[in-house]
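A.B. asks: Take a look at the following structure, please.
The values are calculated or read from the model by the stated rules, or taken from the named source; none is laboratory data. What you see is a predicted model; the values in this text were computed from it and never measured. All Cβ positions, glycine included, derive from the backbone under ideal geometry; neighbour counts span all protein chains shown.
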Amino acid sequence: MSDGKLVAIIGDSDTVTGFLLAGCGHRTAENTNFLVVEPDTPATKVEECFTSLTSRTDIGIILINQHVANTIRHVLSRYNEVVPTVLEIPSKDHPYDPEKDYIMQRVNMYLGGGQD
């Protein structure tokens with residue numbers, strides 16, 4: 001493998017399938033760089049996957065559906081590393097809400113916003 005980093009995906013089946021079809025999938029005997037989250041997927045499984053992906057040196061970006069991120073918001077709020085970068089993205093059934101995105105909240109805080 002080259003020095004490049006992988007993009008990891010945690011999301012609903014439509015989102016993950018789209019990224020896999022675009023060539024973002026990577027599977028070895030030990031692990032993958034994606035998790036399909038169904039409505040009955042326990043939050044602990046999502047947390048375990050997120051923790052595992054953030055500890056891997058071959059992951060550069062983690063894309064996570066915002067509605068899935070909401071289930072592990074307590075973990076995301078404690079995560080403060082630059083790499084892998086975590087980006088919240090919308091899904092087909094759940095629109096993006098910048099008010100819930102912790103990165104946007106931090107940007108807003110640093111720029112002095114959010115004081116209504």
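A.B. asks: Name the single residue that is surrounded by the fewest Cβ atoms within 10 Å (Cβ to Cβ) among those in region 1-26 being among the charged types (D, E, K, R) and under 18 Å from P84 (Cβ atoms).
C.D. replies: D3
A.B. asks: Looking at E30, E38, E48, can you tell me which residue is under 30 Å from D3 (Cα atoms), under 16 Å from the mean Cα position of the chain (by Cα) and of a type in the set (D, E)?
C.D. replies: Testing whether each residue is under 30 Å from D3 (Cα atoms), under 16 Å from the mean Cα position of the chain (by Cα) and of a type in the set (D, E) leaves just E48.
Residue-by-condition table, conditions (1) of a type outside the set (D, E); (2) in a helix (DSSP H, G or I); (3) touching a residue at least 60 places away in the same chain (Cβ under 8 Å):
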| residue | (1), (2), (3) |
| --- | --- |
| V7 | yes, no, no |
| L35 | yes, no, no |
| T41 | yes, no, no |
| T44 | yes, yes, no |
| E48 | no, yes, no |
| L63 | yes, no, no |
| S77 | yes, yes, no |
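A.B. asks: Within region 50-61, how many residues are outside any strand (DSSP E or B) and either in contact (Cβ under 8 Å) with a residue 60 or more places away in the chain or of a type outside the set (K, R) (or both)?
C.D. replies: Of the residues in that region, 8 qualify.
A.B. asks: If you take the residues of region 35-92 that are surrounded by fewer than 19 Cβ atoms within 10 Å (Cβ to Cβ) and in contact with a Leu (Cβ under 6 Å, 6 or more places away or on another chain), which of them is nearest to V16 (Cα to Cα)?
C.D. replies: I89
A.B. asks: Go through region 36-52 and report how many residues are small (G, A, S) and in contact with a strand residue (DSSP E or B) (Cβ under 6 Å, 6 or more places away or on another chain).
C.D. replies: Number of matching residues: 0.
A.B. asks: In addition: Restricting to region 71-110, give me the number of residues that are modelled with pLDDT of 90 or more and farther than 25 Å from H26 by Cα.
C.D. replies: The number of residues fulfilling the criteria is 3.
A.B. asks: Just wondering, is there one or more residues in region 91-112 that are of a type outside the set (G, A, S) and in contact with a Phe, Trp or Tyr (Cβ under 7 Å, 6 or more places away or on another chain)?
C.D. replies: Taking every residue of region 91-112 in turn, none turns out to be of a type outside the set (G, A, S) and in contact with a Phe, Trp or Tyr (Cβ under 7 Å, 6 or more places away or on another chain).
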